[in-house]
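K.L.:
Can you read through this structure? Questions will come right after.
Where a number appears in this text, it was derived from the coordinates with a stated rule and is not lab data. Remember, predicted model here, so these are calculated numbers, not experimental data. Glycine gets a Cβ as well: all are built from the backbone with ideal geometry, and neighbour counts include every protein chain shown.
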Amino acid sequence: MKHKKVRQSATDVAFDVVNHIFVTICVLAVLYPLVYIVSASFSSPPSVVGGKVWLLPVKPTLIAYQTIFKYRQILVGYGNAVFYTVFGTLVGVLITFMAAYPLSRKGMPGRNLIMGLFVFTMLFSGGLIPTYLVVRYLHMVNTRWAVILPMAVSVWNIILMRTFFQVSIPQELYDSTEMDGANELTTMFRIVLPLSGPIFAVVVLNWAVWIWNSYYYALIYLRSNELQPLQIILRQILIMNQMSIQMSADEIMRKQGLVDVLRYALIVVASAPLLMIYPFLQRYFIKGVMIGSIKG
Amino acid sequence: MRLQQQSALKAAQSNELRKRFRRYGQLYLILVLPLAFLVVFNYIPIFFGLILAFKEFSPSRGILGSPWVGFKHFVFFFSNQSSLSTVSNSLILALYSIAAGFLPPIVLAISLNEIKNRFVKKTTQMVTYAPFFISTVVMVAIIMQVLDPRTGIVNKLIVGLGGESQNFMAKGNLFMNIYVISGIWQATGFNAIIYLAALTGVDPGLYEAASLDGASKLQRIFHIDIPMLIPTVTVLLILNVGQIMSATSFEKIFLMQNPANMGSSEVISTYVYKIGLLSNNFGFSTAVNMFNSAVNLIMVFLANSFAKRVGDARLW
């Protein structure tokens, strides 16, 4: 008996060792490219092109970052991205709440039908061109409205928030407020909203990350460079190689490999805000996934 | 007599209904704004789409005034080799992504679940979750930097090991592999969350009973963890396959496209964008999208009813 136990714990120890090695490999596989990019962005251009950077910055310099922040288009893109994220999130969360809360109330006649109208649009859509035509008829093409309003209904977030209300606010609470003679608006502002902090955090974060990271709507609806969000500018520079800092300087930079370092620095500048904030907000994102897995 | 009773009952019922409508009146008012958005930006486009797919759009005559062409766009779509290949590319890429992407998060979740040190567990979760927050543009830029023939780390490794530098992005047959592998890198940590949650819900008594019976950790994984995960896995898999028509990301594919890989990277969504907005062929683009939407609707319904029968979970 005793012998058996010892042998088992030996295989368990072996398992633990292998498992820790596996987890370490996973962490390194994710971390290494990110660390490399950060290091390369701080390294001197010749050492990046010469292949001398492996883990830490070689001959550290801030030249890439200094160049980036002189590039006006990037600053404009950053500003626009902040604008769209703030206002898009505001509108999106408002619409999400205004749809989710009423539809979470069990006694409301027609509730399932209306919810069905929302859910159906997840499965069937008019598609790119018909939506574009609607936006064009509303004279919103190439205006800031076009990247804030057309996507303001996010059925996924509505389902998330609705599930939260259904699961965490008991019917008895509504019944007792009704007996106290409170009307629906009072109930909403005094009882429901104070209880909904966590779900607002989840939905606000979902919206903000989505708007900050996406470029689809800007690609379709915006023409003017002055209106483009950061992701479109990044696409022009990182993917399409349109780095139009003075043409004469461009040739010299290419020779020195500054272009490569600039690309790394740009990746860092674009991703750092989210990657630095999210560990502190991680629990809300995880909470979002959890609520999403409950069927409403 | 009976009739009177019935009508009294009906009156009472409609009275009750009226009372409920009055009680919830303010809630209906709140719903007006989201419903207005839904109608303007979702239902009017659906209505436009159903018309436009059967018309030759002329900008001067508008949607309603443009001439009907019947099924012309659909016939053209199905008789045209290059448009048909977008369908097969979409399906293959989506199936490949689902097939290759479904196991890694499960393995990661099981592995994390066995880590008892809270710090190690939290750190691993945090790090593997991080790539999820990288935008598509940056993700594709990272792919291009990592695979760069001159300075990318992959080629530096190959050259360092005595091989020859390769231009991976210019090889059309590698497009799908690059798409799928980078997708796994980016999403595994995020997708593991749901499985980890399912494992956290396992009754600790089960583990204790198993160890009392002399089960090793590996045996506990195979006889407790995996059976506990199977319902979640099955349902997610069915639902993923159901969403096959919308499973691939326009944003990512569009950025990864270049002339060399167009043969395997042109999918329905990028095709719809190009013929619609770049070539201004509104009717045809809408028709292609309509076809996609219709198949999507059918697939999701099938998957949903199937998932309901297999497991207790469903999309709605």
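K.L.:
Once all Cα-Cα distances of the protein assembly as shown are split into 20 Å bins that start at 0, what whole-number percent is in each one?
P.N.:
16, 47, 30, 6, 1
K.L.:
In region B:1-142, if every C-alpha pair distance is counted and binned at 5 Å from zero, what percent goes to each bin?
P.N.:
Spelled out bin by bin, region B:1-142 gives 2, 7, 6, 7, 8, 8, 9, 9, 10, 10, 9, 7, 5, 3, 1, 0, 0 percent.
K.L.:
Kindly give the semi-axes, whole Å and largest first, of the ellipsoid equivalent to region A:1-61, taking each as the square root of 5 times a Cα gyration tensor eigenvalue.
P.N.:
Those come to 45, 8, 7 Å.
K.L.:
Let me check I've understood the local charge: for B:Ser85, count other residues with C-beta under 15 angstrom from its C-beta, Lys and Arg +1, Asp and Glu -1. What total comes out?
P.N.:
Charge balance near B:Ser85 sits at 0.
K.L.:
Let me ask another. At a Förster radius of 25 Å, what calculated FRET efficiency corresponds to the Cβ-Cβ distance of B:Tyr28 and A:Val141, to the nearest 0.05?
P.N.:
Rounded to the nearest 0.05, the efficiency is 0.15.
K.L.:
How big is D for region B:2-43, in µm² s⁻¹ as a whole number, if Stokes-Einstein is applied with the Kirkwood radius of its Cα pairs at 10 °C and 1.306 mPa s?
P.N.:
127
K.L.:
When the helix-only estimate is applied to chain B (DSSP H runs of n ≥ 4, each -39,500 (n - 2.57), divided by the residue count), what is the mean residue ellipticity at 222 nm, nearest 500 deg cm²/dmol?
P.N.:
For chain B, the value works out to -22000 deg cm²/dmol.
K.L.:
How many Lys pairs in chain A lie less than 28 angstrom apart by Cα atoms, where the lysines are 8 or more positions apart or on different chains?
P.N.:
Within chain A, the lysine pair count is 8.
K.L.:
For region A:91-242, place one equal point scatterer on every Cα, skip the solvent, and apply the Debye formula. What is log10 of I(q)/I(0) at q = 0.10 Å⁻¹?
P.N.:
Per q value, in the given order, log10 I(q)/I(0) is -0.48.
K.L.:
Taking region B:141-185, how much of its Cα-Cα pair set, in percent, is spaced more than 14 angstrom apart?
P.N.:
Percentage above 14 Å: 49.
K.L.:
Give or take rounding to whole Å, what are the principal axis extents of the alpha carbon atoms in region B:196-264, in descending order?
P.N.:
62, 23, 16
K.L.:
For Cα pairs less than 8 Å apart in space and 6+ apart in sequence, what is the mean separation divided by the residue count of region A:67-296, i.e. the relative contact order in percent?
P.N.:
36
K.L.:
5 Å is the cut-off here: which amide hydrogens, built 1.01 Å from N in the peptide plane, fall below it relative to B:Lys55, excluding neighbours closer than 5 in sequence?
P.N.:
Amide H neighbours of B:Lys55: B:Val69.
K.L.:
Taking every pair of distinct Cα atoms and averaging 1/r, then inverting, what Kirkwood hydrodynamic radius in Å comes out for region B:102-231?
P.N.:
Result for region B:102-231, one decimal place: 17.3 Å.
K.L.:
Between A:Phe15 and A:Met179, what is the label-to-label distance in nm when each label sits 7 Å out along the Cα-to-Cβ direction?
P.N.:
Each label point lies 7 Å from its Cα, and together they span 5.3 nm.
K.L.:
Between B:Leu237 and B:Val202, what FRET efficiency comes out of the Förster formula 1/(1 + (r/R0)^6) with R0 = 22 Å and r the beta carbon distance, rounded to 0.05?
P.N.:
My answer for the efficiency is 0.60.
K.L.:
So, one more: Based on Cβ point charges of +1 for Lys and Arg and -1 for Asp and Glu, what charge dipole magnitude is obtained for region A:1-61 about its Cα centre, in debye rounded to the nearest 20?
P.N.:
For this selection, approximately 300 debye.
K.L.:
I've got another one for you. Return the sequence-ordered ³J(HN,Hα) values of region A:259-270 in whole Hz as given by the Karplus equation 6.51 cos²θ - 1.76 cosθ + 1.60 applied to θ = phi - 60°, using x for Gly and Pro.
P.N.:
Once θ is set to phi - 60°, the couplings for region A:259-270 become 4, 4, 5, 4, 4, 4, 4, 5, 4, 5, 4, 6 Hz.
K.L.:
Of B:Glu56, A:Glu226, how do they rank once you tally other Cβ atoms within 10 Å and put the fewest first?
P.N.:
The fewest-first ordering by Cβ neighbours comes to A:Glu226, B:Glu56.
K.L.:
Here's another thing I want to ask about it. According to the Cα gyration tensor, what semi-axes, each the square root of 5 times an eigenvalue, does the equivalent ellipsoid of chain B have, listed from largest to smallest in whole Å?
P.N.:
Working through the eigenvalues yields semi-axes of 42, 38, 18 Å.
K.L.:
Among all lysine pairs in chain B that are eight or more places apart or on different chains, how many have alpha carbons less than 23 angstrom apart?
P.N.:
Taking chain B as the scope, the lysine pair count is 11.
K.L.:
In addition: Can you give the three extents of the C-alpha atoms in chain A along their principal axes, from longest to shortest, in whole Å?
P.N.:
81, 76, 34
K.L.:
I need the P(r) histogram for region B:25-68: all alpha carbon pairs, bin width 10 Å from 0 out to the longest distance, whole percents.
P.N.:
Going from the shortest bin to the longest, the percentages are 27, 33, 22, 14, 4.
K.L.:
So for A:His20, B:His73, B:His223, A:His139, fewest C-beta neighbours within 10 Å to most, what's the order?
P.N.:
The order, fewest Cβ neighbours first, is A:His139, B:His223, A:His20, B:His73.
K.L.:
Taking +1 at the Cβ of each Lys and Arg and -1 at the Cβ of each Asp and Glu, which of B:Val107, B:Tyr24, A:Gly116 sits farthest along the dipole of the protein assembly as shown towards its positive end, judged by Cα position relative to the Cα centre?
P.N.:
Of the options given, the answer is B:Tyr24.
K.L.:
Please pull out the direction-averaged projected area of region A:82-148, using the convex hull of its alpha-carbon atoms, in nm² to one decimal place.
P.N.:
5.7
K.L.:
Determine the distance separating the Cα centre of region A:60-114 from the Cα centre of region B:2-51; give it in Å without decimals.
P.N.:
31
K.L.:
Which loop-located trypsin sites (Lys or Arg not before Pro) does region A:40-78 contain, where loop means any DSSP state but H, G, I, E or B and the Cβ has at most 16 other Cβ atoms within 10 Å?
P.N.:
Taking region A:40-78 and a limit of 16 other Cβ atoms within 10 Å, the loop trypsin sites (Lys or Arg not before Pro) found are A:Lys52, A:Lys70.
K.L.:
Continuing with this model, one more query. Quick one: if the Förster radius is 22 Å, what FRET efficiency do A:Ala272 and B:Met126 give, using the C-beta to C-beta distance and rounding to 0.05?
P.N.:
With R0 = 22 Å, the Cβ-Cβ based efficiency is 0.90.
K.L.:
Grab the eigenvalues of the alpha-carbon gyration tensor for region A:136-218, scale each by 5, take roots, and send me the semi-axes largest first in whole angstrom.
P.N.:
For region A:136-218, the ellipsoid semi-axes come out as 34, 16, 10 Å.
K.L.:
How big is the Rg/Rh ratio for region A:1-158, C-alpha atoms only, Rh by Kirkwood, two decimals?
P.N.:
Ratio of gyration radius to Kirkwood radius: 1.22.
K.L.:
Under the Kirkwood approximation applied to all pairs of distinct alpha-carbon atoms, what is the hydrodynamic radius of region B:223-316 in Å?
P.N.:
15.4
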